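Okay, structure first, notes after.
What follows is calculated from the coordinates using simple rules that are stated; it is not laboratory data. Every value quoted in this text rests on a predicted model; they were computed, and no experiment measured them. Cβ coordinates were reconstructed from backbone atoms using ideal geometry, including for glycine residues, and neighbour counts include every protein chain displayed.
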Amino acid sequence: MKYKKYIKDSIKISEIGLGAWQLGQNSGWKSMTKTEAIRLVHKSLDFGINFFDTAPNYGHGTGEERLGEALKVSDRNKIVINTKFGHTHTGTLNFSANYIRESLEGSLKRLQVDYVDSLIIHNPPSKYFDGNKNDHYEILDKLIEEGKIKAYGASLDTYDDMKLLMDTTNSKIIEVFFNILHQDTLRGFEQAQNEEVGIIVKIPLDSGWLTGKYNAESNFDDIRSRWSKEDVETRAKLVDKVKSIFGTEENLAQKAIAFCLAYDAVSTVIPGNVTINQLTSNLRSTDIHISRRTIEELEKLYQTEIKKRKLPW
């Protein structure tokens, strides 16, 4: 496992982190038993993963509970935990500044820890990214002073939101939607690196499209059913072009993750792992080198063909 800088005064974190959405019961995707969840976390630790990303709404709180139970075997100073605020454990949304402390205290209790390394606002409406117009960031600064968190930031999807957050707050962590088919947030990487803001990459496989297992005839009966037939056909054509740039269909998922890791600004990538086999495969991404020429071709594909399509997530 390779490790990269996260935040000031923090240990370095594994390039591949464990996104813990799948650990909770009835997480909205494939449900996992408590035994399976704890085994997955323990296997992650065995592989050298020391970064864990979770949230109160993952499994209505059971995601944090299971993660906390599984991590009790570890030295707290050797692991990094990021959790979120805004999507509650009851399944509602509450982005009120007055709810931050209550939400965090609930997370700390479920995780069985005294502090989390970072707390981020969980994909809020854009208005919440302006530090000049919201009380959230003063409260978050106070939580740092109290030792409840080490850093804060937000999870977001666009460069405009990313820039507003960095320009108006002391955020040091940003979880960005970034992959070969969604490169808008790449425009903020240089500023983030210059200001020592750690970047967590979410959805690196574009909800499964960059694994290569879907095509224009694919049908979905889960959360992916949000895509229209036209969306499916469009993505299938774009994935074919990605494969042609790589020159092969082999190990597409690993190459898609390696693409994200090719950027120095990225601290860690959190692909979805429902099984230990998926986890093992994703970890092999760290051994893949994507050439500068290939990266430039993939960036060009985005700029010339993908960007204008505004693909739904």
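By the compact-protein rule of thumb, 2.2 N^0.38 Å, the alpha-carbon radius of gyration of region 48-118 corresponds to a ratio of 1.06.
Which values, in whole Å and largest first, are the semi-axes of the equivalent ellipsoid of region 106-173 obtained as the square root of 5 times each eigenvalue of the Cα gyration tensor?
Equivalent-ellipsoid dimensions as semi-axes: 22, 13, 9 Å.
For region 153-285, a Kirkwood hydrodynamic radius built from all Cα pairs, placed in the Stokes-Einstein relation at 37 °C and 0.692 mPa s, yields a translational diffusion coefficient of 209 µm²/s. Which residue fluctuates the most in the chain, going by a Gaussian network model with Cα springs under 10 Å, if the choices are THR90, THR185, THR158? With Cα springs under 10 Å in the chain, the top fluctuation among THR90, THR185, THR158 is at THR90. For the chain, the C-alpha radius of gyration divided by 2.2 N^0.38 Å, with N the number of residues, is 0.95.
Sequence-ordered 3J(HN,Hα) estimates for region 83-98 from the Karplus curve with 6.51, -1.76 and 1.60 and θ = phi - 60° stand at 10, 10, 9, x, 9, 7, 6, 8, x, 9, 10, 8, 9, 4, 4, 5 Hz, glycine and proline given as x. Here, P(r) means the percent of Cα pairs in each 10 Å bin from 0 to the largest distance; for region 220-313 it is 13, 40, 39, 7. Considering only the Cα atoms of region 1-157, their convex hull presents on average a projected area of 9.0 nm². D for region 83-201, whole µm²/s, Stokes-Einstein with Kirkwood Rh over alpha-carbon pairs at 20 °C and 1.002 mPa s: what number? Approximately 148 µm²/s, per Stokes-Einstein.
Measuring against 19 Å, Cα to Cα, the residue pairs LYS2/LYS241; LYS84/LYS142; LYS78/LYS202; LYS84/LYS109; LYS78/LYS148 contain LYS2/LYS241; LYS78/LYS202 as the ones spanning a longer distance.
Computed over region 1-142, relative contact order equals 20 percent, with contacts defined as Cα pairs under 8 Å that lie 6+ residues apart.
Within the chain, the selection of entire DSSP H helices by a Cα span of 18 Å or greater along the long axis and an average Kyte-Doolittle value of at least -1.0 returns 34-47, 229-246. Each Lys and Arg contributes +1 and each Asp and Glu -1, all at the Cβ; summed about the Cα centre of region 19-136, the dipole is approximately 220 debye.
Computed over the chain, relative contact order equals 17 percent, with contacts defined as Cα pairs under 8 Å that lie 6+ residues apart.
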